[in-house]
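Below is one structure, written out as structure tokens; the observations come after it.
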Amino acid sequence: MDKHDILPPGQHPRDSRMQDIDQIGQALERLQTFLKWIDEHRASFEKERHTDPKSADAELRDLKDSTEQAVLHLQRLTELLLAGYTFDPNKATPKGLSTSSAQLLPG
């Protein structure tokens, strides 16, 4: 993949509008966030599916949306990495970026 084939960091609709934020870190943070939300919606659905079908249906819709958003951010992160972009040490790391695998595991 050629860098000229994709929008540069900071110019894609899913990139942060904050110019001082590292865009690789931003895409990774968004992916981590949506993966956590997916697990939360799954757990809520499992809890409510037999007792509160309306709430369970809402959780399924939220689960679908979170999954779609995670895929979009994964696609953006993938295209940036395959185009050769890396973390920019001169830019800030997003505040919500988890750097520990323990922070990423459910429970």
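The values are calculated or read from the model by the stated rules, or taken from the named source; none is laboratory data. Note that the structure is predicted; figures quoted are calculated from it, not measured. When we count neighbours, we look across all protein chains shown, and the Cβ atoms used for this are built from the backbone with ideal geometry, even at glycine. These area figures cover heavy atoms from the full protein model, side chains too; ligands, DNA and RNA do not enter into them. Shrake-Rupley method; radii C 1.70, N 1.55, O 1.52, S 1.80 Å.
Among the residues of the range 16-37, is there at least one that is over 21 Å from Leu97 (Cβ atoms) and touching a residue at least 24 places away in the same chain (Cβ under 8 Å)?
If we filter the range 16-37 for residues that are over 21 Å from Leu97 (Cβ atoms), which is where we start, we get none.
No: the range 16-37 contains no residue that is over 21 Å from Leu97 (Cβ atoms) and touching a residue at least 24 places away in the same chain (Cβ under 8 Å).
Counting only residues that are surrounded by 12 or more Cβ atoms within 10 Å (Cβ to Cβ) and under 14 Å from the mean Cα position of the chain (by Cα), the range 81-101 holds 4 of them. The set of residues in the range 1-60 being open to solvent by 70 Å² or more (accessible area, probe 1.4 Å), more than 24 Å from Leu81 (Cβ to Cβ) and under 22 Å from the mean Cα position of the chain (by Cα) consists of Glu40, Arg42, Leu60.
Of the numbered criteria (1) under 18 Å from Leu77 (Cα atoms); (2) of a type outside the set (D, E, K, R); (3) free of Cβ contacts under 8 Å to residues at least 60 places away in the same chain, the one Ala58 fails is (1).
Go through the residues of the range 66-75 one by one and say whether even a single one is acidic (Asp, Glu), out of contact with any strand residue (DSSP E or B) (no Cβ under 8 Å at 6 or more places or on another chain), surrounded by fewer than 16 Cβ atoms within 10 Å (Cβ to Cβ) and over 21 Å from Ile6 (Cα atoms). It would help to see each step written out before you state the result.
Keep residues of the range 66-75 that are acidic (Asp, Glu), which gives 68.
Within this subset, residues satisfying the condition of being out of contact with any strand residue (DSSP E or B) (no Cβ under 8 Å at 6 or more places or on another chain) are 68.
Remaining after also requiring surrounded by fewer than 16 Cβ atoms within 10 Å (Cβ to Cβ): 68.
Pick out the ones that are also over 21 Å from Ile6 (Cα atoms) and you get none.
No - not one qualifying residue is present in the range 66-75.
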